[in-house]
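Novice: Dropping a structure here in structure tokens format, bear with me for questions.
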Amino acid sequence: MGIKIIGTGSYVPDKVLTNHDLEKMVDTSDEWIRTRTGIVERRIASDNEASSDMAYKASVRAMEFARIKPDDLDLIVVATITSDRITPSTACILQSKLKAYNAACFDLQAACTGFLYSLEIVNALMSTNPTYRKALIIGVEKLSMLTDWKDRNTCVLFGDGAGAVILEKRAGKHDIGGILASKLASNGSYNDLIKVPAGGSAIPTSPETIKKRMHYLSMEGQEVFKLAVNEMAKACQDVLSRAKVDISEVRWLIPHQANLRIIHAVGKKLEIPSEKVYINVHMYGNTSAASVVIALDEIVRTGKIDRGDYVLLTAFGAGITWGANLLRW
Ligand code: COA
């Protein structure tokens, strides 16, 4: 028996913000952004487009792919750091847009690792509780609303978008694979490395926090870079060894799309050929919880995956959190 992905979908907003556009906003250059990050452009949601709206579009595409109806869903989990509101959850708002009223709904916050965390948690729930037969997981972010468009250190890095998968419990004798192994990890002593300082219970919103621009994402870029490469590579090795799968058998490594140099460094550490490392960071930048699942949907929809293929997901983000999932398609 396995918990399998039976449908994928994604959505990115129409508005494209290029490196050349950013040159007019902050002291930067297309050349600097390309060489340091690999990013060429990113998508930006419109003012009236919330995370639940992007999640809705990705979810509908995934449900059409899986040929299921909203009523079939038993669980909806939204991984995001940019929920529509502080409460209720974006998953509940999405539920009402989908009219999927048989589902239990919650959000999960593990920053850029949120989709990987959600996969493992939903896999565990579906494995232990027979009432969860079909689940929808979404990674979605409207990072443009957390981006300080006056800070060149961060504003060139992020973008908006959503990706979705439908999971189903399969028990047929021909049903191979599923989620073979997962590694979830965190180290909260690094909680200051990537953060939005104000707007929570520690420092509530006030005229002063707004004036000091404390509601935007800040990051210690170089420190994050080093930790990200080492931890993602180790997490991948961990799931491969537990599943007894060699890296040479993996069809796709899908790393979190934060920075091309990080992606290359992880691939090199794992000694996987570069053509097996999926890259779309040049088109979307870092979309946090959405990044791995948007990439997965692109692979599926362009027919770059076959039944039985091994797919290795890995991500790293604020917290800090990181992890890996090994899937068999
Ligand atoms: N345009 C031009 N110059 C910029 C710039 C920009 N957009 N952003 C920063 N710089 C400048 C810095 O001010 C610094 O100038 P200085 O030497 O005069 O002080 C110089 O470029 C080098 O900055 P540095 O931080 O050393 O660059 P870097 O090579 O480490 O690259 C990042 C910066 C952010 C691209 C890189 O550290 C990174 O990708 N880190 C990981 C970030 C990440 O992926 N986070 C999300 C994880 S989920």
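The values are calculated or read from the model by the stated rules, or taken from the named source; none is laboratory data. This one's a predicted model, so the numbers in the text were calculated from it and none came from an experiment. Every residue, glycine among them, receives a Cβ derived from its backbone with ideal geometry; neighbour counts consider all protein chains shown. Just the protein is used for accessible areas: all its heavy atoms, side chains included, with ligands, DNA and RNA removed. Shrake-Rupley method; radii C 1.70, N 1.55, O 1.52, S 1.80 Å.
Novice: Could you check how many residues of segment 270-311 are free of Cβ contacts under 8 Å to residues at least 24 places away in the same chain and open to solvent by less than 10 Å² (accessible area, probe 1.4 Å)?
Specialist: Here is the first cut: in segment 270-311, the ones free of Cβ contacts under 8 Å to residues at least 24 places away in the same chain are 273-275, 280, 302-303.
Still in the running and open to solvent by less than 10 Å² (accessible area, probe 1.4 Å): 280.
So the count comes out to 1.
Novice: So, one more: Take the conditions under 25 Å from MET63 (Cβ atoms), at pLDDT 95 or above and assigned to a strand (DSSP E or B) and apply them to TRP322. Does it pass?
Specialist: Working: under 25 Å from MET63 (Cβ atoms): no; at pLDDT 95 or above: yes; assigned to a strand (DSSP E or B): yes.
No, not satisfied.
Novice: Looking at this structure, is THR82 open to solvent by less than 10 Å² (accessible area, probe 1.4 Å), in contact (Cβ under 8 Å) with a residue 12 or more places away in the chain and within 26 Å of SER218 (Cα to Cα)?
Specialist: The answer is yes for THR82.
Novice: Looking at segment 1-57, what strands (runs of 3 or more DSSP E) fall wholly within it and have at least 2 residues that are over 15 Å from LEU136 (Cα atoms) and not hydroxyl-bearing (Ser, Thr, Tyr)?
Specialist: Values: elements: 2-11, 16-18, 41-43.
Where strands (runs of 3 or more DSSP E) fall fully within segment 1-57 and carry at least 2 residues being over 15 Å from LEU136 (Cα atoms) and not hydroxyl-bearing (Ser, Thr, Tyr), they are 16-18, 41-43.
Novice: Just to be sure before I move on: is VAL122 modelled with pLDDT of 95 or more, part of a helix (DSSP H, G or I), more than 16 Å from the ligand (Cβ to nearest atom) and open to solvent by less than 10 Å² (accessible area, probe 1.4 Å) in the structure I sent? I'd like the intermediate steps shown before the answer.
Specialist: On the way: modelled with pLDDT of 95 or more: yes; part of a helix (DSSP H, G or I): yes; more than 16 Å from the ligand (Cβ to nearest atom): yes; open to solvent by less than 10 Å² (accessible area, probe 1.4 Å): yes.
Yes, satisfied.
Novice: Quick one: count up the residues across segment 231-288 that are of a type outside the set (A, V, I, L, M, F, W, C) and in a loop (DSSP other than H, G, I, E, B). Let's see the steps before the verdict.
Specialist: At the first step, the residues of segment 231-288 found to be of a type outside the set (A, V, I, L, M, F, W, C) are 231, 234, 237-238, 241-242, 244, 246, 248-249, 251, 255-257, 259, 261, 264, 267-269, 271, 273-276, 278, 280, 282, 284-288.
Of the ones still in play, those that are also in a loop (DSSP other than H, G, I, E, B) are 244, 246, 256-257, 259, 271, 273, 278, 280, 285, 287.
Total meeting the criteria: 11.
Novice: Could you please find all residues in segment 42-74 being basic (Lys, Arg) and either more than 19 Å from the chain's Cα centre (by Cα) or modelled with pLDDT under 95 (or both)?
Specialist: Quick first cut of segment 42-74, residues basic (Lys, Arg) only: 42-43, 57, 61, 67, 69.
Listed by number, the residues that qualify are ARG67, LYS69.
Novice: If ILE33 satisfies every condition in (1) within 16 Å of the ligand (Cβ to nearest atom); (2) farther than 25 Å from ILE279 by Cβ but one, which is the exception?
Specialist: Single failed check for ILE33: (2).
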